[in-house]
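Worksheet: one structure, shown below.
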Amino acid sequence: MIIKSLELMNFRNYDFLDLKFSEGTNILYGDNAQGKTNVLEAIYLSATTKSHKGSKDKDMISFDQEESHIRTYLVKEEIGYKVDMHLRKNKSKGIAVDGQKLKKAADLLGLLNVVFFSPEDLGIIKNGPAERRRFVDMELCQLDSFYLYNLNHYNKIVNQRNKLLKDMHFNPQLKDTLNIWDSQLVSFGSKIIERRRMFAGQLNEIIYGIHKKLSGDKEELIVKYEPDVEIEDFEISLKRSQERDIKLKQTCVGPHRDDFSFVTGNIDIRKFGSQGQQRTAALSLKLSEIELVKKIAKDTPVLLLDDVLSELDSNRQNYLLNSIGDIQTIITCTGLDEFVNNRFEINKVFNVVEGTIQS
Ligand SMILES: Nc1ncnc2c1ncn2[C@@H]1O[C@H](COP(=O)(O)OP(=O)(O)OP(=O)(O)O)[C@@H](O)[C@H]1O
Ligand SMILES: [Mg+2]
């Protein structure tokens, strides 16, 4: 998979931009707040229909503009595609592939696969479960449209059930409708639990070898799925939790409370790992993501590295750069110094200054 070019109109701090990428390694460098991350965000958006930061569409439209356009030309298995995205202030986004409008945004998924790596990702092991779930969800939503469908429904049901739990304080007879939500919650939630367990298995096949190398043959890393509730107990746990849910006005049982643990030598490094261990495991996780896309989507993803190299020591930097191989990569950084001592090949360099870019 190769992104040939990216055109932006009224996106973030870009009035107009037309970038032609190399098939190899591309570097975007510039001072802080010039627009480097914004370019990666636009690419991520073209792949996943969402911002990597979770920004709303209207916040990505340039200040004082009404709408924004993003056009990406890509080549996948030797076929070229044009992806047009149209962000609007008060309406959902419009997306077209080769001029054909998509019925829903989710239909875009699977065309362009990207792996986005930012310094925050290095905290994924030591931070809270919500971030680990977010990682898994973002990955699975890109790779599995059924998962996306089930997750969207599940999240909607949790929200509606929580709203009902709040409304019940004023209107207790609403309790009768709770059972309807519960059976839907179990039905969609079970599919999520099943897929997340499978994901942990797929991840383990890959991460073990990567982490072993990355830790200098010292550590063996295993990812464990920790579901909040097992499928077979879901219904009964939910019933048992009803009184508590009503009291707390929220749904206390279900995969929206899942976690994943990372274990080396029987030690849960979420809690007991050193900072270095946690960061190495996080890097292993991101590198596994690349291999997972290759395996599941049967295509090389485009790798987006947002300011991440400066966060790594030279050993890990080298490992990361060496494992990129023949994947198209777009790297942002504030200076070019960090590449001087690296022997890897840079194919194109762009300088980013206040929403303009020169090659
Ligand atoms: N909707 C918007 N309209 C116009 N400008 C925006 C909008 N959203 C963000 N910006 C501006 O875009 C600028 C560049 O942001 P970006 O995150 O791309 O910088 P960066 O080059 O990655 O900087 P850093 O090196 O600090 O990460 C910011 O100064 C921000 O104020
Ligand atoms: Mg940035």
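The values are calculated or read from the model by the stated rules, or taken from the named source; none is laboratory data. Because the structure is a prediction, the values reported are computed rather than measured. We place every Cβ from the backbone using ideal geometry, glycine too, and count neighbours over all the protein chains shown. When the accessible area is computed, the model is the full protein with side chains, heavy atoms only, and any ligands, DNA or RNA have been set aside. Shrake-Rupley method; radii C 1.70, N 1.55, O 1.52, S 1.80 Å.
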Computed over the Cα atoms of the stretch 99-181, what is the convex hull's projected area averaged over all directions, in nm²?
8.7 nm²
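Return one whole number: the accessible area per residue of the chain in Å², for a 1.4 Å probe. Walk me through the numbers before you get to the answer.
Details: 17500 Å² over 359 residues.
The answer is 49 Å² per residue.
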Note to self: C-alpha centroids of the stretch 223-284 and the stretch 55-111 sit apart, in Å, by 35 Å
With axes computed from alpha carbons, what is the tilt in degrees of helix 231-240 against the longest principal axis of the chain, rounded to the nearest 10 within 0 to 90?
50 degrees
Restricting to aspartates and glutamates and to Cα separations under 13 Å from Lys93, and discarding same-chain partners fewer than 8 apart, the set is Asp57, Asp59, Glu66, Glu67, Asp84, Asp107
Order of exposure, largest accessible area first, which applies to Ser68, Ser323, Ser183 with probe 1.4 Å:
Ser183, Ser323, Ser68
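How do 120-127, 349-356 rank on mean C-beta neighbours within 10 Å, highest first?
Values: 120-127: 19.6, 349-356: 16.0.
Highest-to-lowest ranking by the protection proxy: 120-127, 349-356.
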Using just the helices of the chain, give the 222 nm mean residue ellipticity in deg cm²/dmol: DSSP H runs with n ≥ 4 each add -39,500 (n - 2.57), and the total is spread over all residues, rounded to 500.
-13500 deg cm²/dmol
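What is the packing order of peptides 149-157, 297-305, 232-240, 277-285, taking the mean over residues of other C-beta atoms within 10 Å and listing the highest first? Don't skip to the answer; put the middle values down first.
On the way: 149-157: 17.3, 297-305: 20.0, 232-240: 15.3, 277-285: 23.7.
Top of the packing list down: 277-285, 297-305, 149-157, 232-240.
Would you mind working out the magnitude of the charge dipole of the stretch 174-239 relative to its Cα centre, with +1 at each Lys and Arg C-beta and -1 at each Asp and Glu C-beta, to the nearest 20 Debye?
On the way: 10 positive and 13 negative charges, 60 e Å.
That gives a dipole near 280 debye.
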If you average the sequence gap of Cα pairs under 8 Å that are 6 or more apart and divide by the length of the chain, what percent do you get for the contact order?
26 percent
If one takes the longest principal axis of the Cα atoms in the chain, at what angle in degrees, from 0 to 90 and to the nearest 10, does the Cα axis of helix 314-324 lie?
90 degrees
Long-range tail of P(r) for the chain (Cα pairs > 35 Å, %)
30 percent
On Cα atoms only, tilt of 129-143 relative to the major axis of the chain in degrees
70 degrees
Inverse of mean 1/r across different Cα pairs in the stretch 36-132, Kirkwood, Å
14.7 Å
Rounded to whole Hz, the Karplus (6.51, -1.76, 1.60) HN-Hα couplings of the stretch 144-160, x for glycine and proline:
9, 5, 5, 4, 4, 4, 5, 5, 4, 5, 4, 4, 4, 5, 4, 4, 5
Explain nothing, just the number: relative contact order of the stretch 197-250, from Cα pairs under 8 Å at least 6 residues apart, as a whole percent.
27 percent
What is the stretch 107-234's relative contact order, in percent, from Cα pairs under 8 angstrom and six or more apart in sequence?
20 percent
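Distance check, please: which entries in Lys126/Lys271; Lys213/Lys286; Lys126/Lys218; Lys36/Lys101 exceed 18 angstrom between their Cα atoms? Walk me through the intermediate numbers first.
Numbers: Lys126/Lys271 7 Å; Lys213/Lys286 14 Å; Lys126/Lys218 20 Å; Lys36/Lys101 29 Å.
In this structure, Lys126/Lys218; Lys36/Lys101 exceed 18 Å between Cα atoms.
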